[in-house]
1. Condition check: in contact (Cβ under 8 Å) with a residue 60 or more places away in the chain, in contact with a His (Cβ under 6 Å, 6 or more places away or on another chain) and not hydroxyl-bearing (Ser, Thr, Tyr). Does residue 45 satisfy that?
2. If you check every pair at least six apart or on different chains, which have Cβ atoms under 8 Å apart with a residue in the range 4-24 that is under 15 Å from residue 139 (Cβ atoms) first and a residue that is among the aromatic types (Phe, Trp, Tyr) and in a helix (DSSP H, G or I) second?
3. Given the condition in a helix (DSSP H, G or I) and touching a Pro at 6+ places or on another chain (Cβ under 7 Å), answer yes or no: does some residue in the range 89-96 qualify?
Amino acid sequence: MALTSTAMLLALQATNAVTSAVDQNQQGRYAQSVSNTNASLAERNARDAILRGGEAAHERHAQTRKMVGSGRAAAAAQGIDPDSGSALDLTSEARTIGELDEITLMNNAARESWGYKVEAAGHRESGRQAAQAGRTGAISTLLTGGAQAWGSYAEGAGSRSSVDPNAANRAGRAGNAAAKAGARASSRRRP
C-alpha cells in the first residue's frame, strides 16, 4: 500500500510540475505576443508621424506661396515693382520664414517618429525578456518538481530501505542552484 501511495504522490507531483512549467512558458509567450503587438502599433505611429509632418509642411508651403503671391499682387496693384526694393525684400523674407516653418514641421515629425521607434524597441525587448522569463521559470519548475518528487520517493522508500533521507534536500538545492545558474546564463546572452 505504501508503494502505491508513493507512486500516486510522485505522479501528482510530476503532473503538477509539468502543468506549471507549461503555464509559465505560455504566459511568457503571451506577454511576448502582446509586447510585439504594442511594438507594431508604435511603429505604425512612427510612420504616421512622418506622413502627418509631410502633410503639414506641404500645407505650410502652400500657405507661404499664397501669402507671397498676395503680397506681390498687392504691391503691383499699388504701382510698386514686386521684383525690386522693399517689396522684393518682403517677398524673400516671407519665403524664408515659410521654409523655416516647413523645416521645423518636418523636424518635429522626425522627432516624434523617433520616439515611437524607441518605444517599439522597448516593447520588443520587454517581450523577449518575458518569453525568456517564461522559459526559465518553466525549467526551474521542472527541476524543483523533480527534486520534490525525488524527496517524496526517498521519504516513502526510506522507511523500507537504506535511502539517505537528506538526499532529497541536496537534490532540491542542486535543482534550485541549476535553475538560478541557467537564468543567469540566459540573461547574459543577447540575440
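1. On the way: in contact (Cβ under 8 Å) with a residue 60 or more places away in the chain: yes; in contact with a His (Cβ under 6 Å, 6 or more places away or on another chain): no; not hydroxyl-bearing (Ser, Thr, Tyr): yes.
Considered against the rule, which asks whether it is in contact (Cβ under 8 Å) with a residue 60 or more places away in the chain, in contact with a His (Cβ under 6 Å, 6 or more places away or on another chain) and not hydroxyl-bearing (Ser, Thr, Tyr), residue 45 comes out as no.
2. Close Cβ pairs (under 8 Å, with a partner that is among the aromatic types (Phe, Trp, Tyr) and in a helix (DSSP H, G or I)) do not exist here.
3. Within the range 89-96, the subset in a helix (DSSP H, G or I) is 89-96.
Going one step further and asking which of them are touching a Pro at 6+ places or on another chain (Cβ under 7 Å), we end up with 91.
Yes, that holds for at least one residue.
Where a number appears in this text, it was derived from the coordinates with a stated rule and is not lab data. The shown structure was predicted, so the numbers you read here are calculated from the model rather than taken from an experiment. In this analysis, Cβ positions are derived from the backbone assuming ideal geometry, glycine residues included, and neighbour counts consider all displayed protein chains.
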